1. Taking the stated definitions as given, is A:P296 at negative phi and within 19 Å of the chain's Cα centre (by Cα)?
2. Could we say that A:L189 is away from chain B (no Cβ under 14 Å), of a type outside the set (S, T, Y), outside any loop (DSSP other than H, G, I, E, B) and within 25 Å of A:I150 (Cβ to Cβ) here?
3. Only one of these is modelled with pLDDT of 95 or more, crowded, with 16+ Cβ neighbours inside 10 Å, over 30 Å from A:S161 (Cα atoms) and not hydrophobic (A, V, I, L, M, F, W, C): A:D15, A:D21. Name it.
4. Out of (1) without any contact (Cβ under 8 Å) to a residue 24 or more places away in the chain; (2) open to solvent by 10 Å² or more (accessible area, probe 1.4 Å), what's the single condition that is false for B:A118?
5. Based on this model, can you work out whether A:A173 counts as under 30 Å from B:V339 (Cα atoms), within 14 Å of another protein chain (Cβ to nearest Cβ), without any contact (Cβ under 8 Å) to a residue 40 or more places away in the chain and of a type in the set (A, V, I, L, M)?
6. Give the residue, chosen from A:D336, A:D279, A:D272, A:D295, that is farther than 19 Å from A:Q41 by Cβ and within 14 Å of chain B (Cβ to nearest Cβ).
7. Scan the stretch B:198-205 and give yes if some residue there is within 14 Å of chain A (Cβ to nearest Cβ), among the hydrophobic types (A, V, I, L, M, F, W, C) and at negative phi, otherwise no.
There are 2 protein chains.
Amino acid sequence: MSDTVLNPDVRLPRDLTRDSDFIRAVRGRATDRTPVWFMRQAGRSLPEYRRLREGVAMMEACTDAAMVAEITLQPVRRHGVDAAILFSDIVLPLRLAGVDLDIRPGVGPVVEEPFRSAADVGRIGELEDLSFLTEAIASITDELGDRPLIGFCGAPFTVASYLIEGGPSRDHALTKALMWERPQLWDDLLGRVADVCAQFLQTQVSAGVSAIQVFDSWAGALSREDYESRVLPHTVRILESVPEVPRINFGTGTGELLAVMAVPQCEVVGVDHRVALEDAIARIGPDHAVQGNLDPAALFAGEQVMQDMAASIVAQGRAAKGHVFNLGHGVLPGTDAEVISDLVAYVHSL
Amino acid sequence: MSDTVLNPDVRLPRDLTRDSDFIRAVRGRATDRTPVWFMRQAGRSLPEYRRLREGVAMMEACTDAAMVAEITLQPVRRHGVDAAILFSDIVLPLRLAGVDLDIRPGVGPVVEEPFRSAADVGRIGELEDLSFLTEAIASITDELGDRPLIGFCGAPFTVASYLIEGGPSRDHALTKALMWERPQLWDDLLGRVADVCAQFLQTQVSAGVSAIQVFDSWAGALSREDYESRVLPHTVRILESVPEVPRINFGTGTGELLAVMAVPQCEVVGVDHRVALEDAIARIGPDHAVQGNLDPAALFAGEQVMQDMAASIVAQGRAAKGHVFNLGHGVLPGTDAEVISDLVAYVHSL
């Protein structure tokens with residue numbers, strides 16, 4: 001624990017987690033067993049989560065320190081996953097920076113007045129008091145001990161898409177049209193979103209998360225050329241704002257993008273299930289660990305199918321610099337919580 | 001016209017279209033200009049379509065010969081596209097074969113009692129009288145003259161997904177679980193769907209369509225291995241049931257699948273906009289023509305952006321055996337009809 005002596009301000013939990021399988025894997029060091037956690041492990045698949053959330057709006061749940069801590073810890077207690085992921089939402093920092101948006105059940109983020117002009121960029125103010133976040137993380141890391149907590153934020157493209165479309169979109173037509181037609185406004189908007197996301201992440205890192213993941217849920221809607229020239233630079237700015245911890249760069253539908261997502265400013269590239277993990281590793285190259293990529297639908301297919309698919313992914317992952325087992329996207333809400341626990345035990349047994 | 005003498009039963013329209021730019025391109029012959037048509041060119045982007053559909057349910061519109069003909073011809077008259085595409089829906093053959101389903105506005109196909117068991121396969125009966133289809137095609141081809149009409153049907157995976165999920169699904173979890181866990185039931189179901197789709201297509205070919213396209217909207221949700229072993233054989237059965245005409249095999253999100261989609265039983269592979277066309281051509285190889293792949297969002301980005309993107313696609317397409325210009329997916333409902341016409345004229349000018 002020499003770092004503690006050298007840097008007395010660094011919270012203990014980050015140091016405690018340094019030799020965990022998760023941190024070893026993301027750093028490309030050997031592990032005793034393949035570490036495993038799941039995107040959306042904290043959420044509707046858990047009865048205890050559904051009970052806790054009854055009558056509580058998403059934004060309220062995300063900003064209440066005690067509730068954030070409890071929801072974040074539930075899947076760790078139940079499943080024995082190797083890492084916790086902070087319970088939050090990708091649009092939360094925007095809301096905390098003054099943007100009039102809400103998360104509607106069954107719909108997703110809704111922005112009352114969609115962003116369309118240079119003046120709209122000014123609607124993103126400064127982040128309000130984030131003490132709820134610091135408080136939640138302190139309480140989570142106290143309970144986790146040597147198990148890592150992963151911080152998170154949305155990537156600028158996905159977050160900006162909600163601002164421009166006014167809600168979830170399948171085709172992102174207005175977002176892309178703005179990107180192509182008004183490159184200066186696009187850069188200003190994504191830059192401002194990146195500022196806020198970076199600040200949100202930096203707060204998490206200062207409070208003691210051991211790693212972070214940036215989620216670009218809609219990156220797969222972009223061509224490689226557009227992603228690389230118009231989107232990735234903003235994501236990189238977020239990643240390079242938290243050099244103290246390992247960073248995971250994740251998006252879905254990214255088969256065409258994996259090679260360019262593997263920037264030096266991240267240690268891990270998250271892979272969705274539409275690409276074979278061995279192909280993904282070849283595209284990402286030897287300098288990054290990988291995370292993924294069991295199809296979330298596999299948890300509906302019975303034990304044998306699920307185990308065969310999981311075993312294949314663990315075997316493919318051995319070719320990577322490091323491998324964290326995860327789903328290719330979030331846990332589906334209808335997933336049986338016991339099946340999730342079984343999967344963790346099975347991956348650990350391999 | 002020697003074929004007409006040799007095969008007196010073959011309807012004239014198919015022969016008339018043989019030297020059209022569209023048929024030349026799909027056959028890999030030189031063209032005067034790049035032929036262009038658009039998926040969903042017949043539909044909500046056209047004011048004349050919206051007027052005609054007022055108060056008329058989708059299923060009603062799809063089975064009324066006069067309405068099918070009028071809607072199919074509207075975009076040809078307005079935009080001057082190089083081919084018409086039969087106005088229909090991918091679930092229509094199932095409905096005509098007795099499955100209790102409907103197409104709900106703003107939702108999509110809904111199946112009251114989702115398919116879950118071997119007994120459910122028996123709910124797909126025989127196709128009812130398709131004279132409305134024969135009648136519509138006769139009337140369309142009469143007006144089109146030497147301009148081709150493209151017939152169409154859904155691919156078994158996408159159609160089966162609606163039957164199993166009971167409606168549109170983002171994750172296709174039940175569909176994939178059934179595919180992995182109950183391979184015999186899966187094969188029986190897709191086989192039965194393929195039978196009905198093939199019969200629907202054969203009727204179109206007999207009635208005089210000049211080419212056909214099979215739509216696998218959700219193929220991109222599958223891994224290459226699953227697509228190739230569990231889905232493609234059923235699609236191939238449909239394709240090989242209509243050897244008389246050129247066949248287009250299309251799906252979205254198919255970057256990982258293009259190489260295996262290029263089966264000998266089709267002449268053209270449709271490419272969506274998430275893959276650069278030059279990369280797609282490399283994956284598809286020299287034996288197939290390609291179709292695609294402008295991002296539908298480009299039609300919202302102003303003339304200059306749209307033209308630059310279209311010109312790039314036409315230039316990339318020259319490396320293929322043949323190239324039909326199209327969008328990477330269907331025309332978005334909010335697209336300005338005049339912009340569509342402008343795009344046709346621009347592609348023709350290149």
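1. Values: at negative phi: yes; within 19 Å of the chain's Cα centre (by Cα): yes.
Against the criterion (at negative phi and within 19 Å of the chain's Cα centre (by Cα)), A:P296 qualifies.
2. Working: away from chain B (no Cβ under 14 Å): yes; of a type outside the set (S, T, Y): yes; outside any loop (DSSP other than H, G, I, E, B): yes; within 25 Å of A:I150 (Cβ to Cβ): no.
Spelling it out, it is not the case that A:L189 is away from chain B (no Cβ under 14 Å), of a type outside the set (S, T, Y), outside any loop (DSSP other than H, G, I, E, B) and within 25 Å of A:I150 (Cβ to Cβ).
3. A:D21
4. (1)
5. Taking the combined requirement at face value, the residue satisfies it.
6. Values: A:D336 fails: farther than 19 Å from A:Q41 by Cβ; A:D272 fails: farther than 19 Å from A:Q41 by Cβ; A:D295 fails: farther than 19 Å from A:Q41 by Cβ.
So the residue among A:D336, A:D279, A:D272, A:D295 that is farther than 19 Å from A:Q41 by Cβ and within 14 Å of chain B (Cβ to nearest Cβ) is A:D279.
7. No.
Quick grid of which residues meet (1) without any contact (Cβ under 8 Å) to a residue 12 or more places away in the chain; (2) aromatic (F, W, Y); (3) open to solvent by 10 Å² or more (accessible area, probe 1.4 Å); (4) under 30 Å from A:L189 (Cβ atoms):
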{"residue": "A:A57", "(1), (2), (3), (4)": "no, no, yes, yes"}
{"residue": "A:C62", "(1), (2), (3), (4)": "no, no, no, yes"}
{"residue": "A:I71", "(1), (2), (3), (4)": "no, no, no, no"}
{"residue": "A:L86", "(1), (2), (3), (4)": "no, no, no, yes"}
{"residue": "A:L96", "(1), (2), (3), (4)": "no, no, yes, yes"}
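The values are calculated or read from the model by the stated rules, or taken from the named source; none is laboratory data. This one's a predicted model, so the numbers in the text were calculated from it and none came from an experiment. No Cβ is skipped: glycine too gets one built from the backbone with ideal geometry, and neighbour counts run over all protein chains shown. Heads up: the accessible areas ignore ligands, DNA and RNA and are worked out on the full protein's heavy atoms, side chains in. Shrake-Rupley method; radii C 1.70, N 1.55, O 1.52, S 1.80 Å.
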